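What follows is a short report on a single structure.
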Amino acid sequence: MTKRQEAKYKIDRRMGENIWGRPKSPVNKREYGPGQHGQRRKGKLSDFGVQLRAKQKLKGYYGNISEKQFHGIYKEASRLRGDTGALLIGLLERRLDAVVYRAKFVPTVFAARQFINHGHVLVNGKRMTIGSYKLREGDVVEVRERSKQLAIVLESVQSSERDVPDYVEADHNKMTAKLIRTPGPADVPYPVQMEPHLVVEFYSRS
């Protein structure tokens, strides 16, 4: 098992939820947390604990983004006009690794980041190796010609495990995807409930 898989499964176990909705998640068999104390009875979380858990779950879902980077996205959302929680989701979904994942070019967000880092992706015809790159509406993402026949790509686009959401226009024959619009929280196909308002409350405390 790779370190990336270990990290992904630990997030699921720690949250006690199958946050990506994948059939192989260990939570499907063991709902308790990892480690020797994982099966102990869970106490009721404080308000701070609930907010922290919501932040960890959302941060983990997008490939376990670093705290510094995630806090930076929150601060950007808080400077914009409108609902900060909804804007936070919009900014997360505009990340290149999120769109590559949503377009089903790869099976996981973790794989999307690695796929981009290895130079397999073009944005508007130019090579892009930064997973956190923020796309604009109308930007076109494409799998490089030499990478279109990779097993990970072919298997992912043929998988029936999930669908491409309507704010991403994907062409699996050409291996291209376009960000049609910035989604709101209700548009995003999360397998579990995300609570961005609690994330806003968490950061508002400090």
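The values are calculated or read from the model by the stated rules, or taken from the named source; none is laboratory data. Treat the numbers as computed from the prediction; the structure is a model and nothing was measured. As a convention, Cβ positions derive from the backbone with ideal geometry for all residues, glycine included, and neighbour counts pool all protein chains shown. Quick note on the areas: whole protein, heavy atoms, side chains included, nothing else; ligands and nucleic acids left out. Shrake-Rupley method; radii C 1.70, N 1.55, O 1.52, S 1.80 Å.
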Would you mind telling me which numbered condition in (1) more than 12 Å from Tyr101 (Cα to Cα); (2) in contact with a Ser or Thr (Cβ under 9 Å, 6 or more places away or on another chain) Ser147 fails? (2)
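Residue by residue, here is whether (1) open to solvent by 50 Å² or more (accessible area, probe 1.4 Å); (2) in contact (Cβ under 8 Å) with a residue 12 or more places away in the chain; (3) of a type in the set (S, T, N, Q) holds:
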{"site": "Gly125", "(1), (2), (3)": "yes, yes, no"}
{"site": "Thr129", "(1), (2), (3)": "yes, yes, yes"}
{"site": "Ser159", "(1), (2), (3)": "no, yes, yes"}
{"site": "Pro165", "(1), (2), (3)": "no, yes, no"}
{"site": "Pro183", "(1), (2), (3)": "no, yes, no"}
{"site": "Tyr190", "(1), (2), (3)": "no, yes, no"}
{"site": "Glu195", "(1), (2), (3)": "yes, yes, no"}
{"site": "Val199", "(1), (2), (3)": "no, yes, no"}
Select, from Ala98, Ala86, the only residue that is in contact with a Pro (Cβ under 6 Å, 6 or more places away or on another chain), under 20 Å from Pro165 (Cα atoms) and surrounded by 14 or more Cβ atoms within 10 Å (Cβ to Cβ). Ala86
Arg205: closer than 30 Å to Lys75 by Cβ, touching a Gly at 6+ places or on another chain (Cβ under 7 Å) and surrounded by fewer than 20 Cβ atoms within 10 Å (Cβ to Cβ), yes or no? no
The helices (runs of 4 or more DSSP H) lying wholly within region 92-206 that contain at least 2 residues that are over 28 Å from Phe48 (Cα atoms) and under 14 Å from the mean Cα position of the chain (by Cα) are 96-102, 109-117
